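Read-outs throughout are calculated quantities, based only on the coordinates presented, and are distinct from any laboratory measurement. Keep in mind that what you see is a predicted model, and the values were worked out from it rather than measured. Positions of Cβ are backbone-derived with ideal geometry, glycine not excepted, and every protein chain shown enters the neighbour counts.
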Amino acid sequence: MSDPILELKDVAMHFPVSGFGRSKQVVHAMDQVSFSLQRGEILALVGESGSGKTTTAKVIAKLHQPTSGEIIFNGENIYQRKTNKRDLGYRKNVQMIFQDPFGALNPTHTIRSILERPFLIHKLASREQVEAKIKEVLVQVGLEPPEQFIDKFPHELSGGQLQRVNIARAISVDPILLLADEPTSMLDVSIRMIIMNMIKKFRDEEGISYLYITHNLAGARYIADRIAVMYAGMMMEIGPAEEVIQKAYHPYTKLLRSAAPQPEKGFQESELTAKGDIPSLVNPPTGCRFHTRCPQADAECKELIPELREIKPGHQVRCLKV
Ligand SMILES: Nc1ncnc2c1ncn2[C@@H]1O[C@H](COP(=O)(O)OP(=O)(O)OP(=O)(O)O)[C@@H](O)[C@H]1O
Ligand SMILES: [Mg+2]
């Protein structure tokens with residue numbers, strides 16, 4: 001564990017509260033978020049709705065500039081790079097796959113024109129070469145024969161086929177890191193496993209690293225080397241996937257585990273609807289953010305923000321009681 005491709009150091013992302021008046025209030029979408037991702041590793045990021053997962057992916061993708069903290073990619077602070085305006089090199093190396101396969105694709109463009117753009121923008125193929133390249137990448141994502149798909153429009157394909165096109169677009173530029181934001185949650189259960197296996201295949205064959213965001217603990221366990229658990233903008237537990245699921249040291253991870261009683265049973269819906277609500281991120285709870293829902297919380301937990309502490313090699317937990 002010594003060759004990180006990505007490191008987040010104490011990253012905070014605070015969004016101004018919209019509305020009238022000059023409110024100084026902010027939404028604490030991320031606070032004190034630190035973790036690293038190794039080359040060729042799949043790290044699953046799990047947590048309930050509103051916990052800050054997408055925001056985490058977006059600050060890494062440079063879609064939001066964080067309020068504070070550092071993001072190091074390939075040894076370089078991405079917000080201090082001296083680059084051209086659009087930072088094409090970074091945008092080639094770090095690709096994002098979104099939840100809604102249809103929404104991510106321009107409905108007026110054919111698959112050909114959707115897939116030729118990245119090749120041309122990043123100068124990875126000439127006009128003459130590009131058709132062959134597109135067909136190659138369609139085959140890589142299992143859309144065969146490619147002639148059957150290349151001149152179709154997005155509405156002529158199924159959700160699963162569209163997500164394959166999104167993956168094709170992302171991998172076509174030989175990325176180093178893929179940020180996959182719930183890439184299977186809008187797909188039929190039957191296709192989810194196929195997409196997850198495809199993601200694993202690109203890790204195994206191309207060495208691509210993934211931040212894989214999911215609501216589904218079973219999916220996280222299946223796909224990931226490590227699991228990171230986020231709650232109300234903070235990382236609560238991070239460690240080897242099997243250990244996080246089996247041991248669930250943090251009371252919040254335990255709660256998630258009990259909301260998804262049999263993650264070993266495959267990929268039925270096990271949405272993370274644990275008891276209680278995520279607290280307001282405008283006025284987050286004092287002390288541990290989870291204390292308002294935690295069965296183990298005492299007076300100390302209301303006062304002190306626990307550190308994310310290593311409890312065994314490679315396994316960190318943010319809890320005063322562990
Ligand atoms: N652009 C924005 N402006 C203001 N607030 C935002 C913005 N983006 C996200 N937020 C807020 O930040 C918090 C975290 O949102 P985020 O989308 O990261 O959660 P999530 O874990 O991805 O949730 P979900 O599982 O529903 O996708 C939420 O309170 C959300 O309302
Ligand atoms: Mg999200």
Please tell me which of these pairs span more than 24 angstrom C-alpha to C-alpha: K247/K321; K254/K321; K53/K133; K53/K152?
K53/K133; K53/K152
Cut-off is 10 Å between beta-carbons; in what order do T54, T108 appear when sorted fewest neighbours first?
T108, T54
The exposure ranking of R226, R127, R81, R293, fewest beta-carbon neighbours within 10 Å first, is R127, R81, R293, R226
Across 5 Å bins beginning at 0, the whole-percent shares of Cα-Cα pair distances in segment 1-65 come to 4, 14, 22, 24, 16, 9, 5, 3, 2, 1
Honestly segment 107-207 on the Cα gyration tensor test (a ≥ b ≥ c root eigenvalues; a/c under 1.5 rounded, otherwise a/b vs b/c for prolate or oblate) is just oblate
Order these by the 10 Å Cβ neighbour count, fewest first: L45, L157, L304, L37.
L304, L157, L37, L45
Antiparallel DSSP beta bridges within the chain, as percent of all bridges there, nearest 5
60
In this model, which of K62/K92; K135/K200; K201/K312 are farther than 19 Å apart at the alpha-carbon?
K135/K200; K201/K312
Loop GluC sites (Glu not before Pro), segment 273-322 (other Cβ atoms within 10 Å of the site Cβ: 16 or fewer; DSSP):
E307
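If you take every residue apart from F73 with its C-beta less than 15 Å away from the C-beta of F73, what net charge results, scoring Lys and Arg +1 and Asp and Glu -1? Walk me through the numbers on the way to the answer.
On the way: positive: K9, R39, K58, K62, R81, K82, R91, K92; negative: D3, E7, E41, E70, E76, D87.
Counting the neighbours of F73, the net charge comes to +2.
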